[in-house]
Amino acid sequence: MADSSTPHSNGGAAGEEENPSVPRSLAPPRKVALVTGITGQDGSYLTELLLSKGYEVHGLIRRSSNFNTQRLDHIYHDPHATPSADRPPMRLHYADLSDASSLRRALDHVLPDEVYNLAAQSHVAVSYEIPDYTADVTATGALRLLEAVRLSGKPMRYYQAGSSEMFGSTPPPQSETTPFHPRSPYAAAKVAAHWYTVNYREAYGLFACNGVLFNHESPRRGENFVTRKITRAVGRIKIGLQTKVFLGNLSAARDWGFAGDYVEAMWLMLQQDKPGDYVVATEESHTVEEFLQAAFGYAGLDWKDHVVIDKKYFRPAEVDSLQGDSSKSRRELGWKPKVGFQQLVEMMVDNDIELARKEKVLVDAGYRDAKQQP
């Protein structure tokens, strides 16, 4: 999608008008951000936020035979087809958290002011299937990036994406002082990344922050995560493309918020005078069954007619209840969620009903088999 050798530009952001009375050489320089995991849900929302604030954004992507950049398609412009003045200042570079040399090369080339490490093998259930890879990318990958930041020679502010899964079986509410008790290879890897970040802050004086974000969802959530799996099923059932959805533990409770709100908290952490660690949460908890009721009910359906429990979706070690105490973030960052639980569910269902309508056009035309569920 983008050549790794493409130099970063200091051109204006899309829709931004330069003041002709200010010579370009005297205009304040843009802040430059480097984002790992830019093609994910959080990466795409964070990129939108940073561009809206006048940043130049560089993202690291892994080499793949298939493009995985659809969440950025509305931002990205082909440099061969769009004049540089009309393109948002966003560039993509090939690198990987498993390759320390690629990280160092990217930092030396981009010289960012802020680094946001959002990349990980982030699926809890999958982490049981590929624990070595999960640890290498999620834990040791963060260490490689921190070391590259340390050796860069330029002051950089670093954000590490944590997870409420780190609290595991510790009872709610969970705050910055709550002990971690991870219950999966993914959660254990995130705990390691958290403490690597704390260690580099204390040992080397890096401006390094941990954001312990509770579950955050959106229409851009991956389709193998339970919330999006549910809303995709609602859309397809409503349109007549499927009849059943297979799920695991319906009594698990989570603190669900909107990803678009949570990336603002990431940015705010790096704007503080001193680095620190922050829990980001709505402080409300809902079970998977309550999510089902809200999603199916909004579409005029009864979830009990369509949900089948499949034991293969139960975890070897379950996390029963997560509910954050985000009082520190609200007090020190001035952050609070804007999108409530019901609004979030409705946003996702609306998106996936529309997506199912488009899918049905392909099915009716014979271009897709309706049995091929996402």
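Here the Karplus curve 6.51 cos²θ - 1.76 cosθ + 1.60, taken at θ = phi - 60°, turns the phi angles of segment 229-234 into couplings of 4, 5, 5, 5, 5, 4 Hz, with x standing for Gly and Pro.
Need one number: % antiparallel among DSSP beta bridges in the chain, to the nearest 5. Don't jump to the answer; show the numbers that get you there.
Numbers: 2 of 38 bridges.
The antiparallel proportion sits near 5 percent.
A convex hull fitted around the alpha carbon atoms of segment 254-357 yields 134 Å³ per residue.
Give me the tail of P(r) for segment 137-224 as a percent: Cα-Cα pairs with distance above 17 Å.
Working: 1983 of 3828 pairs.
In whole percent, the share of Cα-Cα pairs in segment 137-224 beyond 17 Å is 52.
What is the helix-to-structure angle for 288-298, meaning the angle in degrees between its Cα long axis and the longest Cα principal axis of the chain, kept from 0 to 90 and rounded to the nearest 10? Rounded to the nearest ten degrees, it is 80.
Tell me, rounded to the nearest percent, the portion of alpha carbon pairs in segment 174-325 spaced more than 28 Å apart.
On the way: 3479 of 11476 pairs.
Taking all Cα-Cα pairs of segment 174-325, the fraction more than 28 Å apart is 30 percent.
Rank ALA125, ALA281, ALA142 by mean-square fluctuation in a GNM of the chain with C-alpha springs under 10 angstrom and give only the top-ranked residue. Greatest mean-square fluctuation among the candidates belongs to ALA125. Annotation: amide H-H contacts under 5 Å for TRP256 (H modelled 1.01 Å from N, sequence separation of 5 or more, or interchain): HIS286.
With all protein chains present, how much of the accessible area of segment 26-131 (probe radius 1.4 Å) comes from carbon and sulfur, to the nearest whole percent? Can you show the working numbers first?
On the way: 2530 of 4790 Å².
With neighbouring chains kept in place, the figure for segment 26-131 is 53 percent.
Here the average projected area of the convex hull drawn through the C-alpha atoms of the chain stands at 19.8 nm².
Helices in the chain, meaning DSSP H runs of at least 4 residues, each add -39500 (n - 2.57). Divided by all residues, the mean residue ellipticity at 222 nm is -10500 deg cm²/dmol. Rg and Dmax of segment 26-66, based on Cα coordinates, read 12.0, 43 Å.
So if I place +1 on the C-beta of Lys and Arg and -1 on the C-beta of Asp and Glu, and nothing else carries charge, what would the dipole magnitude of the chain be about its Cα centre? I want it in debye, nearest 20. If you can, show how the numbers build up before the last one.
Details: 42 positive and 47 negative charges, 84 e Å.
Dipole size: approximately 400 debye.
When the Cα atoms of segment 82-184 are aligned to their principal axes, the ranges along those axes come out at 52, 32, 29 Å in descending order. Shown are TYR204, TYR76, TYR55, TYR94, whose ranking by accessible area with a 1.4 Å probe and every protein chain present, most to least, is TYR204, TYR94, TYR76, TYR55.
Could you tell me the convex hull volume per residue, in Å³, taken over the Cα atoms of segment 213-257? Each step should come with its number before you reach the end.
Working: hull volume 3.9 nm³, N = 45.
For segment 213-257, the hull spanned by Cα atoms encloses 87 Å³ per residue.
If you look at the Cα atoms of segment 97-157, you get an Rg and a Dmax of 12.8, 39 Å.
I'd like to check one number: the per residue accessible area of segment 152-242, probe 1.4 Å, reported in Å² as a whole number.
Working: 3170 Å² over 91 residues.
That works out to 35 Å² for each residue.
For a 24 Å ceiling on Cα separation, which of these pairs sit above it: LYS238/LYS358; LYS312/LYS371; LYS31/LYS190; LYS154/LYS338; LYS229/LYS360? Correct reply: LYS31/LYS190; LYS154/LYS338. For the chain, the longest principal axis of the alpha carbon atoms and the long axis of helix 341-364 meet at an angle near 80°. Surface composition of segment 263-374: carbon and sulfur atoms hold 46% of the protein heavy-atom accessible area at a 1.4 Å probe.
Between the Cα long axis of helix 185-204 and the first principal axis of the chain there is an angle of about 20°, rounded to the nearest 10.
Compute the projected area of the convex hull of the Cα atoms of segment 309-374, averaged over all viewing directions, and report it in nm² to one decimal place.
Details: hull surface 32.1 nm².
Quarter of the Cα hull surface area: 8.0 nm².
The values are calculated or read from the model by the stated rules, or taken from the named source; none is laboratory data. Please read these numbers as outputs of a predicted model, since none were measured by experiment. In this analysis, Cβ positions are derived from the backbone assuming ideal geometry, glycine residues included, and neighbour counts consider all displayed protein chains. Each accessible area value is taken on the protein alone, full model and side chains, heavy atoms only, with ligands, DNA and RNA left out. Shrake-Rupley method; radii C 1.70, N 1.55, O 1.52, S 1.80 Å.
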